[in-house]
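Please treat every number below as a calculation from the coordinates, not as lab data. Computed from a prediction, not measured in an experiment: that's the story for all the values here. Heads up, the Cβs are rebuilt from the backbone with ideal geometry, glycines too, and the neighbour counts pull from every protein chain shown.
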Amino acid sequence: MGIVAIDLFCGCGGVTYGLRKAGIRVAVGVDVNPDCRLTYKLNNPGAKFIASDLRKVSGRDLLTACGKVTHGEYLMLAACAPCQPFSTSRRTEVSASERTILQQVGRLVRELRPDFLFLENVPGIKRVNGFSAFRRLLHTVEALNYKTAFKVIDAESYGVPQTRKRLVLLASRKVSVSWPEVTHGSSLGLAPLRTVRNAIGKYPPLRAGETHPTIPNHIAASISERNIGRLRATPLDGGSRTDWPRELVLVCHKTHDGHTDVYGRLKWDAPARTLTTKCTSISNGRYGHPEQDRAISVREAAALQSFDDDYVFYGNLKETTRQVGNSVPPIVAEEFGRAFLAAVAKLELRKRKRAS
């Protein structure tokens, strides 16, 4: 009894890593970006990596890559596609292929008929008007008699030191999957939310542009002298650009009151803001270190995503930052992995009762 999973849009392996920690065997990951291969393979031994556009991958290809499926194993598809096409912050045009990536998920569900489907994306995916990509996928899955449930969750409620709201869809052919109970939230009588301090307070100081000699991925982006001056003018522990003297304010900000998080510092005793693929740059969000005059390092960003310190990212600063920012926090995948395993246990108990 168990689950074998195929991780579509696997990236550097956040979902794979979390599912494996829950006890699910992840057989293969698929991603269009070959730069993720080394990070994925070296951190997830035993899982194969297919570098391919999903449109070129068939269900038969995936089953072949899975190898022998043990008797009693249930098949699961994880489909946590890149969020950019559905993000409300995306201002540039996106291609038709990006907008139709969920159609490929629906196609593979039809071809493979997995026992379970796990999908995660930005909440905006369900707010698109008309017969949207998400509604088409939902229609496809429900037409195949899957039980479905979806809602928006916040990763901070599961112990991730980051506010990260995402829509999650659970689908199952034979048994309902129960939502995992949230674990953190003082207002709910649970453990306090994990904070920036909890996640990155242990790392040694760095200067902007410096790489730590022994801690993998503890590297901070270089910053111009002008921006170093702006950071020094930003109050520690949560300060923002609204605190700068007039002469430091960017021209574009003098007549614009929005986007106040850019150039801001994280607050020690609160969860981080949502990380993106540019989360090691102070000009792209509230990614300044709470007290050092630099942006957070790749290692710190990974910790804020709930990766363990022995999960090493391979590539240059831009690529490793992208890998981290695009990831599903492993803790979230682990919690939902346990929920799927609990559903399998329920299904197996039902079978035994019928047999007796």
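Of note:
- The chain: translational diffusion in µm²/s, Stokes-Einstein, Kirkwood Rh over Cα pairs, 25 °C, 0.890 mPa s: 115 µm²/s
- Debye, to nearest 20: dipole size of the chain, +1 on Lys, Arg Cβ, -1 on Asp, Glu Cβ: 1180 debye
- Loop-located GluC sites (Glu not before Pro) in region 181-280 (DSSP state not H, G, I, E or B) with no more than 13 neighbouring Cβ atoms inside 10 Å: 181.
- Listed residues 268, 356, 345: farthest to the positive end of the dipole of region 261-356 (Cβ charges): 356
- Theoretical ellipticity at 222 nm over the chain - DSSP helices of four or more residues, -39500 (n - 2.57) apiece, nearest 500: -8500 deg cm²/dmol
- Region 104-224 - convex hull of the alpha-carbon atoms, volume per residue in Å³: 198 Å³
- DSSP beta bridges in the chain [antiparallel fraction, %, rounded to 5]: 40 percent
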